[in-house]
Amino acid sequence: MGHTVYYRTRVYRWEMFRRFVERVARGIGYQVKSQGDSLTLDPGHPLVEPLVIEKRGEGFAKTNLVEPHHSIYLLVLHSIAFFGSVELWED
């Protein structure tokens, strides 16, 4: 078992993206922490790693295909394309 989402980000409109993610996180009950040029989304599920998104960087999060968290991570990551660019792959 195990499934991981990998990503590379470049967020050009960081403040707009940060506000968007914070609003979404509140709506779905995720904890969100903003520190400088990174955001951390934590669904609070023991089998799902927090999603750390950097303004410009690479990352990964093990979701173990636990729904709805896996799909929410994909939606949040794909939404970066509106604010900059993102590359995303899974295994």
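Just so you know, all these numbers are worked out from the coordinates, no wet-lab data involved. The shown structure was predicted, so the numbers you read here are calculated from the model rather than taken from an experiment. When we count neighbours, we look across all protein chains shown, and the Cβ atoms used for this are built from the backbone with ideal geometry, even at glycine.
Just to be sure before I move on: is Val52 touching a residue at least 60 places away in the same chain (Cβ under 8 Å) and within 18 Å of Phe83 (Cβ to Cβ) in the structure I sent?
In short, no.
When the range 32-62 is examined, which residues are found to be farther than 22 Å from Arg19 by Cβ and in contact with a strand residue (DSSP E or B) (Cβ under 6 Å, 6 or more places away or on another chain)?
Once the filter is applied, which keeps residues that are farther than 22 Å from Arg19 by Cβ and in contact with a strand residue (DSSP E or B) (Cβ under 6 Å, 6 or more places away or on another chain), the range 32-62 yields Glu49, Glu58, Phe60, Lys62.
Which one is surrounded by the fewest Cβ atoms within 10 Å (Cβ to Cβ) among residues in the range 1-41 that are outside any strand (DSSP E or B) and of a type in the set (Phe, Trp, Tyr)?
If we take residues in the range 1-41 being outside any strand (DSSP E or B) and of a type in the set (Phe, Trp, Tyr), then Tyr12 is surrounded by the fewest Cβ atoms within 10 Å (Cβ to Cβ).
For Glu90, state whether it is within 17 Å of Tyr6 (Cα to Cα) and either buried (at least 16 other Cβ atoms within 10 Å of the Cβ) or among the β-branched types (Val, Ile, Thr) (or both).
Values: within 17 Å of Tyr6 (Cα to Cα): yes; either buried (at least 16 other Cβ atoms within 10 Å of the Cβ) or among the β-branched types (Val, Ile, Thr) (or both): no.
Spelling it out, it is not the case that Glu90 is within 17 Å of Tyr6 (Cα to Cα) and either buried (at least 16 other Cβ atoms within 10 Å of the Cβ) or among the β-branched types (Val, Ile, Thr) (or both).
Among the residues of the range 57-67, is any farther than 14 Å from Leu88 by Cβ, of a type in the set (Lys, Arg) and loosely packed, with under 12 Cβ neighbours inside 10 Å?
Within the range 57-67 (the criterion being farther than 14 Å from Leu88 by Cβ, of a type in the set (Lys, Arg) and loosely packed, with under 12 Cβ neighbours inside 10 Å), the answer is no, since none of the residues qualifies.
Specify which of the listed residues (Leu65, Leu74, Leu47) is in contact (Cβ under 8 Å) with a residue 24 or more places away in the chain, out of contact with any Phe, Trp or Tyr (no Cβ under 9 Å at 6 or more places or on another chain), assigned to a loop (DSSP other than H, G, I, E, B) and over 14 Å from Arg8 (Cβ atoms).
Unique residue meeting the criteria: Leu65.
When you scan the range 50-61, how many residues do you find that are in a loop (DSSP other than H, G, I, E, B) and out of contact with any helix residue (DSSP H, G or I) (no Cβ under 8 Å at 6 or more places or on another chain)?
The number of residues fulfilling the criteria is 1.
Among the residues of the range 23-44, is any on the phi < 0 side of the Ramachandran plot, touching a Pro at 6+ places or on another chain (Cβ under 9 Å) and of a type in the set (Asp, Glu)?
Yes: one or more hits.
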